[in-house]
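Below is one structure, written out as structure tokens; the observations come after it.
Taken together, the values in this text are just the output of simple stated rules run on the coordinates, not laboratory data. Just so you know, these numbers come straight off a predicted model, no measurement behind them. Methodologically, a virtual Cβ is constructed for each residue, glycine included, from the backbone with ideal geometry; neighbour enumeration extends over all protein chains shown.
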Number of protein chains: 2
Amino acid sequence: MIRLPCQDWLRGYNKSTFSSDFLAAIIVTIMLIPQSLAYALLAGLPPEMGLYASMLPLMAYAALGTSRTLSVGPVAVVSLMTATAVGKVAQAGTADYASAAVTLALMSGVLLVLLGLLRFGFVTNFLSHPVVSGFITASGILIALSQLRHIFGIEGQGETLPALLGDLLSSLPDMNAATLTVGVFALFFLYACRSHLPTFLSGLGLQNGTANMLAKAAPVMAVMLTTLIAMLADLEARGVALVGAIPRGLPAFSQPALSPQLLAELLLPALLIALIGFVESVSVGRTLGAKRRERIDPNQELVGLGAANIAAAVSGGFPVTGGFSRSVVNFDAGAKTQAASVMTATGIGLTALFLTPALYYLPKATLAATIIVAISSLLDWKTIKEAWGYDYADFGAIVITILMTLGFGVEVGVISGVTSSIALHLYRTMRPHFAIVGTVPGTEHYRNVKRHDVVTHENILSIRIDESLYFANAAFLEELVYTEVAKTGAVEHVILMCPAVNSIDLSALEALQEINQRLLERRVLLHLSEVKGPVMDALKRSHFLENLAGKVFLHHHAAVQELARV
Amino acid sequence: MIRLPCQDWLRGYNKSTFSSDFLAAIIVTIMLIPQSLAYALLAGLPPEMGLYASMLPLMAYAALGTSRTLSVGPVAVVSLMTATAVGKVAQAGTADYASAAVTLALMSGVLLVLLGLLRFGFVTNFLSHPVVSGFITASGILIALSQLRHIFGIEGQGETLPALLGDLLSSLPDMNAATLTVGVFALFFLYACRSHLPTFLSGLGLQNGTANMLAKAAPVMAVMLTTLIAMLADLEARGVALVGAIPRGLPAFSQPALSPQLLAELLLPALLIALIGFVESVSVGRTLGAKRRERIDPNQELVGLGAANIAAAVSGGFPVTGGFSRSVVNFDAGAKTQAASVMTATGIGLTALFLTPALYYLPKATLAATIIVAISSLLDWKTIKEAWGYDYADFGAIVITILMTLGFGVEVGVISGVTSSIALHLYRTMRPHFAIVGTVPGTEHYRNVKRHDVVTHENILSIRIDESLYFANAAFLEELVYTEVAKTGAVEHVILMCPAVNSIDLSALEALQEINQRLLERRVLLHLSEVKGPVMDALKRSHFLENLAGKVFLHHHAAVQELARV
């Protein structure tokens, strides 16, 4: 029998849990209205699609997701990726554009469910944390820049740093003063609320938690204020772009466009959106889960998020995932279960039914300002700084990811990030660390001759290899042994000490056979020591041990005692 | 001052070396005439381009290459790759097709020289031996099938196994009986010479070496015989495809087509041809070099082969590399230096000047037969069998390479081969081997509790991690520790034994910090033991050691002695 994750919390659901969830739902709904409109704007889609993406997907995740407090919906980075992907196959503002976004959500959803059912959650392991962090930071910069056009009231299409800057500079003469005024006002208002409101409210005697929560409502206040101003001052006549008429009512069942050409063109973006969305969401889910000792099951999360995206597609939405700020608000407001999300979805549904006329006068510049101010939470300079001090490969991967994302857009950015982190990892293992070792006097331990004061024997060369041996470093190993043997004339035995060799693939095995043969021609015997169990099992399956001129020793010390010429 | 590799052998060049080289040059020239025509046919190019590719490139390599006996020129696999690449941008038989092949040679040459000057020879380390061997085996099958059309005298374009078989089956009704007769005769003749001539000649009292050498001249005999038959029986009138008129004379200086679109389309194929050609050539060079204790310098080889391809391009040839059979014949015939290649090039030049009319009646079916019979040296079932017994990842990579090459052609084949071998390697390191360890009684050694009879302590969990820690296995490590700790209630100390951990990247460091934090919440302390020097240096650059709840021990035994509750 299939067990839905929601059965865990439905059992034992009671009044107290309900009132916690209900309060959280109200707060999240209020927060989500401007957010969902803003991310639809960012994705280049009509505002109602933002609302649609915040109803059914939340219910689908509530039924199938494993986090109890994760709040699913449109998020900044995925919306930017949607804009980039859909912008390649259709003109922004057309029906084809909106329909391609729906198809993209469907494809991401299906891919996520497939990955989950195949238990392929592990593929996201290859998105290293530094790469994801660099990618999100760079996306944040692109998002902020792309929203500046709404603040200035100008046109633009660019999706890379040079294109966005070019658009801005070339269109600045066409900017709309009234729009700029609204935009700058909203920016200042939001920034001030964010930076100073919590302190101010605490000063008035409010509890810290409540003060923080109220400060999070700043976007709603900005929306109400600027909507009022726009209506009263008739800003529409002054050329300020407004949200305008939003179709009233709930989304109809939509059937996504499924032409083979469209599917082919959207496959790669859909996969990237699925992976990035999943990684972001799981990291939010894990963070919240750790606070309440709840476990997140990655493979079930794939299914939950996939279902949410499919739900977005059939109800006219666009790609969604678990959002950081929204989930934190949900958690802090006291949500106990996904029932909060179901009630939030209902709240958004009521908004779509009754409140859309009130949103007519909402200036797009206000929505852009909410996005820009929220972006700062995406910029992760800390990881970059940490990587700089810690590891050149991680730092290199971050820098490549950021530069490629800024220079060539989100898709090239993610792909180069993953490729470069894998390439740098392989490059590191290609020239493995090794050490000529000698005996620590009076012990059976062997240490690097360069780092420790150790005893060596003239006729023995002991090399400790600090890496698994495989195709990429097989050639290096050969070179290394020949070079070290050539340095010393009197060597009769080469012992490769292998406590850190976790596997030997066929290419490396052939290299060892070649080394054995060539050393033998020079009357030098090759030995191995401290070979791990699984490696030894593999060697026994080959003919290597039969041809090995020397022996395999369990302990390096035993090898040295037997072979040392006294 | 720049030193050319050829200066090494030019100094001290004398009469005896000259006569050895001269004899080898005569034998290689005779062998090379049918071979260069055949590979031009395989590449879909006019026969004279095969001759052109066997002159200047040999001289360029002689000046800049480091192997003394490697023989450069058109080879089977590279010719097939050329046909595939050029077939995508032009129609076979047109001037554009030939000119694109010239451009391809130029691009491969420039890429090789660049890789050499940047000392990037290491990139070829990522072409693992099993992958290369699988690729060449699959290419051999494709080559043999593609030549069957010349044996049957039918048309065809296919470049994959299904397409080639489809072409053959659908065109069989159109086959030409006279062509088939010539082709089958040539096949039988060549096969018989190859299998039985050496034994037969030895039986007549000839030395083994001489007998083998004469057997290698079989293709020349087949060429002469079938040419004579074609001329006397007027096979042209019976529809047998002949080599026909070859322009007499030496190649004029050619300027390759360099339109940006063509360059963009040929970039990937040129890179793949450069890499595969280089790997093949270096492996031949190394094999021969080892026999005479000569060293091959990979980066200089890149320059030498690059120069050979550029030389091919400016003299109207197509991509070349060091060939196996040709180099072996050169070596066995006694060539001592690259002067033999210079003389071979001169021999081919004389052929182009004076002998081309004699080749008019040469049936293409004969050339196809020489290719088919030579293919068997490319089929490497041994490596496949070895991999099957030894290592599932290597075997998987071979199978993927062969299937993708057969099913989707050479380019997809190489790329999937490289990708799959890297992916399988990463997959292996993603779920690293680990062991719960205990003390071997009476020693300071620690071994797997599952493989050895060892002593453990109730309050200590000792886990030996047999892999470097990095982004792909960071999540696995967390899961592993939590699972093992959850299994036993009484654990107070977790010691990660790290003698096989050769690096810890930033993602893994974050995982360790998380483990440390979560264990601490359960009042369990995390310790490390036997951390390698370079890893310890890296950890000291981070804040990890300050936050570590437990300690870092040099020896695992010291850790257990201190922490064990008596």
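Here is how the numbers come out for the structure above:
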{"quantity": "Cβ-placed point charges (K, R +1; D, E -1), dipole of the protein assembly as shown about Cα centre in debye, nearest 20", "calculated": "1140 debye"}
{"quantity": "Shielding score for A:194-204, defined as the mean number of other chain Cβ atoms within 10 Å", "calculated": "0"}
{"quantity": "DSSP-defined antiparallel bridges as percent of all bridges, chain A, nearest 5", "calculated": "45 percent"}
{"quantity": "Cα gyration tensor shape of the range B:15-422, rounded if a/c is under 1.5, else prolate or oblate by comparing a/b with b/c", "calculated": "rounded"}
{"quantity": "Spatially proximal aspartates and glutamates relative to B:Lys551 (Cα-Cα < 15 Å; intrachain offsets below 8 disregarded)", "calculated": "B:Glu492, B:Glu530, B:Glu562"}
{"quantity": "Fewest-first sequence of A:Leu106, B:Leu275, A:Leu403, B:Leu112 by Cβ atoms within 10 Å of each Cβ", "calculated": "A:Leu403, B:Leu275, A:Leu106, B:Leu112"}
{"quantity": "Distant-in-sequence amide H partners of B:Ile495 (H built 1.01 Å from N, under 5 Å)", "calculated": "B:Leu461, B:Ser462, B:Ile463, B:His527"}
{"quantity": "Spin-label proximity, B:Asp96 to the range B:258-280 - amide N less than 16 Å from point 7 Å beyond Cα toward beta carbon", "calculated": "B:258-266"}
{"quantity": "Placed amide H near A:Asp380: partners under 5 Å, 5+ positions off or other chain", "calculated": "A:Thr137"}
{"quantity": "Highest to lowest packing among B:348-358, A:125-135, scored as the average C-beta count within 10 Å", "calculated": "A:125-135, B:348-358"}
{"quantity": "Under the Debye formula (equal points on every Cα, no solvent term), log10 I(q)/I(0) of the range B:158-310 at q = 0.13, 0.15 Å⁻¹", "calculated": "-1.18, -1.26"}
{"quantity": "A:His527, A:His543, A:His452 arranged by Cβ crowding within 10 Å, fewest neighbours leading", "calculated": "A:His543, A:His452, A:His527"}
{"quantity": "Highest average packing first - A:196-206, A:159-169, Cβ atoms within 10 Å", "calculated": "A:159-169, A:196-206"}
{"quantity": "A:Glu562 versus B:Ala564: modelled label distance in nm, points set 7 Å from Cα along the beta carbon direction", "calculated": "2.9 nm"}
{"quantity": "Span-rule helices in chain B, defined as complete DSSP H runs reaching 30 Å or more along the axis (Cα) with Kyte mean at least 0.0", "calculated": "B:15-42, B:95-117, B:129-152, B:177-203, B:260-291"}
{"quantity": "Protection proxy ranking of A:237-243, A:310-316 - average other beta-carbon atoms within 10 Å, highest first", "calculated": "A:310-316, A:237-243"}
{"quantity": "Neighbouring partner chain Cβ atoms per residue of A:124-130, average, 10 Å criterion", "calculated": "6"}
{"quantity": "Within straight-line cross-link reach of A:Lys15, lysines at Cα separation under 20 Å, skipping those fewer than 8 residues along the same chain", "calculated": "A:Lys336"}
{"quantity": "Nitroxide proxy distance, nm - points 7 Å out along Cα→Cβ at B:Glu458 and B:Gln513", "calculated": "3.6 nm"}
{"quantity": "Among A:Ala311, A:Thr82, A:Ser283 the positive-end extreme of the charge dipole of the protein assembly as shown (Cβ point charges)", "calculated": "A:Ser283"}
{"quantity": "Value in Å of the Kirkwood radius, where the range B:1-145 supplies the Cα pairs that are averaged", "calculated": "17.4 Å"}
{"quantity": "FRET efficiency for A:Ser170 and A:Lys291, using Cβ-Cβ distance with R0 set to 51 Å, rounded to 0.05", "calculated": "0.60"}
{"quantity": "Nitroxide proxy distance, nm - points 7 Å out along Cα→Cβ at B:Tyr360 and B:Ala192", "calculated": "3.0 nm"}
{"quantity": "Subset of A:Lys532/B:Lys487; A:Lys487/A:Lys540; A:Lys540/B:Lys291 violating a 27 Å alpha-carbon distance limit", "calculated": "A:Lys487/A:Lys540; A:Lys540/B:Lys291"}
{"quantity": "Stretchable slack from B:Leu250 to B:Ala490, in nm (0.36 nm times residue separation minus alpha-carbon distance)", "calculated": "77.8 nm"}
{"quantity": "For the protein assembly as shown, alpha-carbon Rg over 2.2 N^0.38 Å", "calculated": "1.10"}
{"quantity": "The range B:15-422, relative contact order [Cα under 8 Å, separation at least 6], %", "calculated": "39 percent"}
{"quantity": "Sorted by Cβ density within 10 Å, fewest first, the residues A:Ile415, A:Ile136", "calculated": "A:Ile415, A:Ile136"}
{"quantity": "The range B:434-563 - Kirkwood radius from inverse mean 1/r over Cα pairs (Å)", "calculated": "14.7 Å"}
{"quantity": "Shielding by other protein chains, A:528-534, mean Cβ within 10 Å", "calculated": "3"}
{"quantity": "q = 0.15, 0.21, 0.28 Å⁻¹: log10 I(q)/I(0) that the Debye formula gives for the range A:397-469, counting C-alpha atoms only", "calculated": "-0.63, -0.85, -1.11"}
